[in-house]
Amino acid sequence: MDATLTFLGTGTSMGVPTLACACAVCTSTDPHDRRLRPSVLLRWREPEADEDRVVVIDTGPDFRAQALSAKLTHVDAVFYTHPHADHILGMDDLRPLSFIAQRRGGPIPLYADAQTTAVLEQIYSYTFSPQATYPTRARLELKPLADRNLVHDVEFVRIPLLHGDMPINGYRFGNAAYMTDVSAIPESSFALLEGVEVLALSALRHQPHPSHATLEQALAWARRIGAKQTWFTHIAHELGHEETNRTLPENAKLAYDGLSVPVRL
Ligand SMILES: [Zn+2]
Ligand SMILES: [Zn+2]
């Protein structure tokens with residue numbers, strides 16, 4: 001089945017431009033150098049239901065603007081990678097979409113591991129607490145993340161990753177995978193990536209960082225995984241789009257906000 005993977009945001013946690021920074025990338029006039037917080041959207045057509053299916057991975061602080069740009073009119077499910085602010089703080093902006101989901105049959109399922117669930121329940125206690133009574137709270141249902149998760153018959157396979165010393169989740173779906181905030185890929189996770197043809201992988205900058213891969217580390221993983229095309233995301237302001245892409249091989253480039261690529265489910 002054909003599907004489209006859209007990069008809703010390709011920036012690092014602070015976004016690009018970064019507040020109060022006047023560097024060449026932050027002041028660039030190239031729209032590819034404007035990066036919202038990291039998120040992707042997978043969209044496919046379910047022929048039997050004659051419906052578009054929409055899955056979002058992470059809802060960061062820019063989710064509302066991203067959903068407007070992508071003209072989202074409904075969301076079938078959300079997967080979370082880990083509970084850092086740049087990946088979860090837009091969750092409440094699912095509210096209007098959750099009312100639509102509720103009218104169509106039920107709350108939007110949010111797939112999250114135990115640590116992410118605990119943080120979401122704490123921040124959004126007015127949404128998730130059994131005592132929550134706020135009448136227009138989001139209609140969302142936290143679902144424990146399994147190794148394999150089905151959304152309208154499409155399988156989302158959890159890819160265990162490390163972000164510093166925090167275990168986090170990447171996702172494989174069909175011939176594609178999304179892995180952000182990665183500083184190490186456990187050996188056993190490479191097996192789950194066999195046959196991946198479209199890879200979205202985080203690559204922060206050139207300088208080492210304790211919890212993010214450098215562009216050079218990410219390139220080495222991209223070569224090993226061997227996807228036909230790798231797109232780098234979660235990019236800091238040290239990497240200008242054009243300038244960096246000139247140095248990269250044809251099959252491994254910096255992604256940009258709004259980029260859509262075909263994938264197969
Ligand atoms: Zn992040
Ligand atoms: Zn800057």
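The values are calculated or read from the model by the stated rules, or taken from the named source; none is laboratory data. Please read all numbers here as calculations on a predicted model, not as lab measurements. So basically every Cβ, Gly included, is an ideal-geometry build from the backbone, and we count neighbours across all protein chains shown. For the accessible areas, the whole protein counts, side chains as well, though only heavy atoms, and no ligand, DNA or RNA atoms are used. Shrake-Rupley method; radii C 1.70, N 1.55, O 1.52, S 1.80 Å.
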Query raised in the report: How do the pairs read when you match residues in the range 55-67 that are closer than 9 Å to LEU94 by Cβ and aliphatic (A, V, I, L, M) with residues anywhere that are part of a loop (DSSP other than H, G, I, E, B) and away from ligand 2 (no atom under 16 Å from the Cβ), using Cβ under 7 Å and keeping only pairs 6 or more apart or on different chains?
Result: VAL56/VAL75
Requested in this report: Look at the range 205-228 and say how many of its residues are basic (Lys, Arg), more than 20 Å from the chain's Cα centre (by Cα) and open to solvent by less than 80 Å² (accessible area, probe 1.4 Å).
Outcome: 0
Report task. Could you tell me whether GLU121 is of a type in the set (Asp, Glu), surrounded by fewer than 22 Cβ atoms within 10 Å (Cβ to Cβ) and touching a helix residue (DSSP H, G or I) at 6+ places or on another chain (Cβ under 8 Å)? Result -> yes
Query raised in the report: Which of the residues spanning the range 13-52 are of a type in the set (D, E, K, R) and open to solvent by less than 20 Å² (accessible area, probe 1.4 Å)?
Result: ASP33, ARG35
Query - Criterion: of a type in the set (Ser, Thr, Tyr) and within 21 Å of LEU94 (Cα to Cα) - qualifying residue of SER13, SER28 - result: SER13
Query raised in the report: Are any residues in the range 160-204 more than 16 Å from ligand 1 (Cβ to nearest atom), hydroxyl-bearing (Ser, Thr, Tyr) and either open to solvent by 10 Å² or more (accessible area, probe 1.4 Å) or in a strand (DSSP E or B) (or both), and if so, which ones?
Result: SER188
